[in-house]
Amino acid sequence: MTDSKYFTTTKKGEIFELKAELNSDKKEKKKEAVKKVIASMTVGKDVSALFPDVVNCMQTDNLELKKLVYLYLMNYAKSQPDMAIMAVNTFVKDCEDPNPLIRALAVRTMGCIRVDKITEYLCEPLRKCLKDEDPYVRKTAAVCVAKLHDINAQLVEDQGFLDTLKDLISDSNPMVVANAVAALSEIAESHPSSNLLDLNPQSINKLLTALNECTEWGQIFILDCLANYTPKDDREAQSICERVTPRLSHANSAVVLSAVKVLMKFMEMLSKDLDYYGTLLKKLAPPLVTLLSAEPELQYVALRNINLIVQKRPEILKHEMKVFFVKYNDPIYVKLEKLDIMIRLASQANIAQVLAELKEYATEVDVDFVRKAVRAIGRCAIKVEQSAERCVSTLLDLIQTKVNYVVQEAIVVIKDIFRKYPNKYESVIATLCENLDSLDEPEARAAMIWIVGEYAERIDNADELLESFLEGFHDESTQVQLQLLTAIVKLFLKKPTETQELVQQVLSLATQDSDNPDLRDRGYIYWRLLSTDPVAAKEVVLAEKPLISEETDLIEPTLLDELICYIGTLASVYHKPPSAFVEGGRGVVHKSLPPRTASSESTESPETAPAGAPPGEQLDVIPTQGDLLGDLLNLDLGPPVSGPPLATSSVQMGAVDLLGGGLDSLMGDEPEGIGAPNFVAPPAAAVPANLGAPMGSGLSDLFDLTSSVGTLSGSYVAPKAVWLPAMKAKGLEISGTFTRQVGSITMDLQLTNKALQVMTDFAIQFNRNSFGLAPAAPLQVHAPLSPNQTVEISLPLNTVGSVMKMEPLNNLQVAVKNNIDVFYFSTLYPLHILFVEDGKMDRQMFLATWKDIPNENEAQFQIRDCPLNAEAVSSRLQSSNIFTVAKRNVEGQDMLYQSLKLTNGIWVLAELRIQPGNPNFTDLELSLKCRAPEVSQHVYQAYETILKN
């Protein structure tokens, strides 16, 4: 009978019934009950209520029952840590059971219970099991140390388990050695700085001895560990290679790739003159070829690794071209990968074979594959010079087939062949021009336009051909537009008399009617060049082009060396270093191949920082997005420079007025160059209107951030401060400040994502506060906030929220929610954001109110070292809605009488006495009267902030 019956019960008192069965005296009934519990747990029912009853069943000699109870325990120990402690005694007892299977089971389960409270109780049983006489128990205990280290690293180090693990590397049993190596490697990976796997020739010898007798996974652990070792000289490297070579004939492909990784790494240290080096190259080919007879998924992984190996040492597989020929039933991903390797292995010796094969592929049905095959023919022509002529004729044959996508790909690669072998195959241009009308893909159109522009002097009707493209100029992709602009300028420089109109037409299309900045800028540059100095234009546009190199898609050498160290891992399939796709706290160590000891050359160039250099010492070559934005916004955008434009060379970049006078000269205001063709300067309308605006208003005007009214009320704005640090909000950092402009209050926020995941679904809420501040609109973050991205948001506020007196009065408590969690912070807002625009009292009212407010409500304050005189003080305060009602001079002292009104209608009256002291600084005495005296302290702070900033 199957176990499905355990999943099909619908009785009401299920938990109660199970409880009774678990406490039954009959062993069989107990076992059935535990199976039912495990079944319920598997389908997601909560059976944690049965914890004590299930734990009681641990006291049994039945191994099957014990396994089931342990399984239950692993699942629920985290949610029931206090209960799980009950099971500790049984663990301790089971670790001394005469049956080694039970001892190992206990130690394995102990490692899976991730509860801090329990871990310390498990140290003693684990220590005994690490020294157990049975190797099965020892190998299980070794892995348990790694698990325990993940839960509590400090505990493992204090208990000396790491030293015991190191001793296990010398164990007599190969499986124990393999597990000890695996555990140490795992621990070392999470602590890159610790030198746990302190490998020396003696320990390497022990590992190599264990290698022959391990299971396949054990062999992989040991081989990966060997790959991290750097032999002291080429003789040691050779002896390790000799002992690893037999692994190449293993049936498991993972073992083969791990062995290849070790050999590829240690070959670096062998001199190429050694006989052994040649032997090793020959031995590496057959296992790699054998991997290609596996199922497609494994083939793909093997091919991605072979791709790296062929780039590093093409000589290994140079005679094995045939195994990379495509089979009709290969999946597309295998076909494309094989094609890539075929081109890498193409040489003069096998090119005829390769071309015949590629021509065959170009008639297949799979469009992607055909395209790649046609490209491959072009790449062969560029790589093997002797075959170029055959490749070109093959491509012409393919163009004759008139299959649209084949023709387009052929034209793209012929353009590259022209770049590699100028003045050799131009006779085919006529054939290409016949197919002009059938081109509909941007890349093919751009390639054809390049050919027409480059060889315009050989094509009689070049101007007609280019004009035909110009008709739908705005519908073309950017790539085609840019190519067309350049081609027509080339044509004009070669045949100036016939194409004056055509070039005028394309330049006005590019500059006036286009909103693409790249196209517009290139158009302006050509326009300036042609109108000022046609000779210079000729030198620039028709300059000699460098020949293209044969392999454009080779992996950069230092990255290739690093990827060779990761053969057989995900990095070798992605062709990216682990740091590019592994997230999280685990330190990813950059690996590199060992330098050759036999020869003096080092693989590291002196300029590059050593692979292990701390990140702080390496220069930031590419600034982050944030830095670039910062630089852009720090540009010194002053008003336009009057007088003659400065010669750019003598001006430092920071002082150049980027958009002032410079644009006028671009617009053609200066005299035309001598000998220039009769060009019309591009009209001013070609430039967006806001660029021509005067720059006096700086950035806000450039980006039109505020309307012209918005700048009238220039209330003081404090710089943004960090309100919620990323540490406290799972990576979300919030900075902000408050502003008041034209009667409206805003909270200017800056949200920065310092986490590793995208943040979305933002919302904000305020707690009740003294003045009823509340968001007037939802918090709108329009796009998801990616890692390391910052977004600026202005949140409008109103004062119609719930009111509750806070301590201090201007305290604001805020909650911000996103897809990760809800975060809370509090901040103090400056009171002057609540000073309203109609806060000016008339004189009579001021006098009456001043007398009416009792004297005990008057508060005195001093503001020292204010750098302003009476006039400046008055106007500075007025911009923050503190209005001067009257002013008089008493015995050489200026007295200002001022009023302000808060959003909740409270009036505050002030007498400001300005002491003329030091000519640069004055001391102010401030008397404040208000019916709510607790406000006075905060009003004084507002005064001080406004006057001193």
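Dividing the convex hull volume of the alpha carbon atoms of the range 810-877 by its residue count gives 203 Å³ per residue.
Taking the Cα centre of the range 834-948 as origin and assigning +1 to Lys and Arg Cβ atoms and -1 to Asp and Glu Cβ atoms, the resulting dipole is close to 180 debye.
Given R0 = 30 Å, the distance between the Cβ atoms of Asn949 and Val836 translates into a calculated FRET efficiency of 0.90.
Once all protein chains are placed together, Lys19 keeps about 80 Å² accessible to a 1.4 angstrom probe. Label point of Phe325 set 7 angstrom out along Cα-Cβ; within the range 353-369, amide nitrogens under 15 Å from it belong to 353-362. Annotation for Ser249 and Glu792: the two label points, set 7 Å from Cα along the Cα-Cβ direction, are 7.1 nm apart. Classify the range 441-532: rounded, prolate or oblate, from the alpha-carbon gyration tensor (a ≥ b ≥ c, eigenvalue square roots; a/c under 1.5 rounded; otherwise prolate if a/b is larger than b/c)? Oblate, because a/c is 1.5 or more while a/b does not exceed b/c. Identify the residues of the range 324-353 with backbone N under 15 Å of a label point that sits 7 angstrom from the Cα of Gln386 along the Cα-to-Cβ direction, or state none. Residues passing the 15 Å test: 346-353. Please work out whether the range 350-487 counts as rounded, prolate or oblate from its C-alpha gyration tensor, where a ≥ b ≥ c are the square roots of the eigenvalues and a/c under 1.5 means rounded, while otherwise a/b larger than b/c means prolate and anything else oblate? Taking the square roots of the gyration eigenvalues as a ≥ b ≥ c, the range 350-487 is prolate.
Only Lys, Arg, Asp and Glu carry charge here, each on its Cβ (+1 for the first two, -1 for the last two); on that basis the range 262-374 has a dipole of about 280 debye about its Cα centre. Coupling constants for the range 240-256 follow from the phi torsions by the Karplus curve (6.51 cos²θ - 1.76 cosθ + 1.60, θ = phi - 60°), and in residue order they are 5, 4, 4, 7, 8, 3, x, 5, 5, 9, 6, 6, 8, 5, 5, 5, 4 Hz; glycine and proline get x. A 1.4 Å probe run over the range 3-231, with the rest of the protein chains in place, finds 48 Å² accessible per residue. Rounded to whole numbers, the Karplus 3J(HN,Hα) couplings from phi for the range 278-293 are x, 4, 5, 4, 5, 6, 6, 5, x, x, 5, 5, 4, 4, 7, 9 Hz, using 6.51 cos²θ - 1.76 cosθ + 1.60 with θ = phi - 60°, and x at Gly and Pro. Of the accessible area of the range 26-133, computed with a 1.4 Å probe over protein heavy atoms only, carbon and sulfur atoms account for 53 percent. Amide H contacts under 5 Å for Trp723: Ile734, Ser735, Gly736, restricted to partners 5 or more places along the chain or on a different chain, H placed in the peptide plane at 1.01 Å from N. Here Gln348 and Val92 are evaluated by their C-beta separation; at R0 = 60 Å the FRET efficiency comes out at 0.25.
Can you bin the range 3-231 into rounded, prolate or oblate? Criterion: square roots of the alpha carbon gyration tensor eigenvalues sorted a ≥ b ≥ c, rounded for a/c under 1.5, prolate for a/b above b/c, oblate for the rest. Judged from the Cα gyration tensor, the range 3-231 comes out prolate (a/c at least 1.5, a/b above b/c).
In terms of the mean number of neighbouring beta-carbon atoms within 10 Å, the peptides 926-936, 90-100, 442-452 order highest first as 442-452, 926-936, 90-100.
Using a cut-off of 12 Å between beta-carbons, work out the net charge of the residues near Phe91 (Lys and Arg +1, Asp and Glu -1, Phe91 not included).
+1
Derived scalar couplings between HN and Hα for the range 458-464 equal 9, 10, 4, 9, 4, 5, 5 Hz in order, rounded to whole Hz, by the Karplus curve 6.51 cos²θ - 1.76 cosθ + 1.60 (θ = phi - 60°), x for Gly and Pro. Distant-in-sequence amide contacts of Val885, defined by a placed amide H-H separation under 5 Å and a gap of 5 or more residues or a different chain, comprise Tyr897, Gln898, Ser899. The listed residues Arg888, Arg371 rank as Arg888, Arg371 when sorted by accessible area, largest first, using a 1.4 Å probe. In this structure the range 319-400 gives 44 Å² per residue of accessible area when probed at 1.4 Å with all protein chains present. For the pair the range 279-336 / the range 836-851, the C-alpha centres are spaced 91 Å from each other.
Any idea of the accessible area per residue across the range 475-522, 1.4 Å probe, to the nearest Å²?
Dividing the accessible area of the range 475-522 by its residue count gives 43 Å².
Net charge in the neighbourhood of Tyr328 (other residues with Cβ under 11 Å of its Cβ; Lys, Arg +1, Asp, Glu -1) is -2. Using the Cβ-Cβ distance between Lys538 and Leu396 with R0 set to 35 Å, the FRET efficiency from 1/(1 + (r/R0)^6) comes to roughly 0.60.
Taking amide hydrogens as placed 1.01 Å from N in the peptide plane, the amide H of Phe762 sits under 5 Å from those of Val781, each at least 5 positions away in sequence or on another chain. Estimated at 0.36 nm per residue, the fully extended path between Ser438 and Leu196 surpasses their Cα-Cα distance by 80.6 nm. Placing unit charges on the Cβ atoms only, positive for Lys and Arg and negative for Asp and Glu, gives the range 346-439 a dipole magnitude near 340 debye about its Cα centre.
Available extension along the chain between Ile853 and Lys78 is 272.4 nm, counting 0.36 nm per residue and deducting the alpha carbon span. Across the range 182-290, Cα-Cα distances exceeding 21 Å account for 36% of all pairs.
The values are calculated or read from the model by the stated rules, or taken from the named source; none is laboratory data. On a predicted model such as this, the values are computed, not experimentally measured, just so you know. Using ideal geometry, Cβ is built from the backbone for each residue, glycine included, and neighbour counts are taken over all protein chains shown. The accessibility values were calculated without ligands, DNA or RNA, using every heavy atom of the protein model including side chains. Shrake-Rupley method; radii C 1.70, N 1.55, O 1.52, S 1.80 Å.
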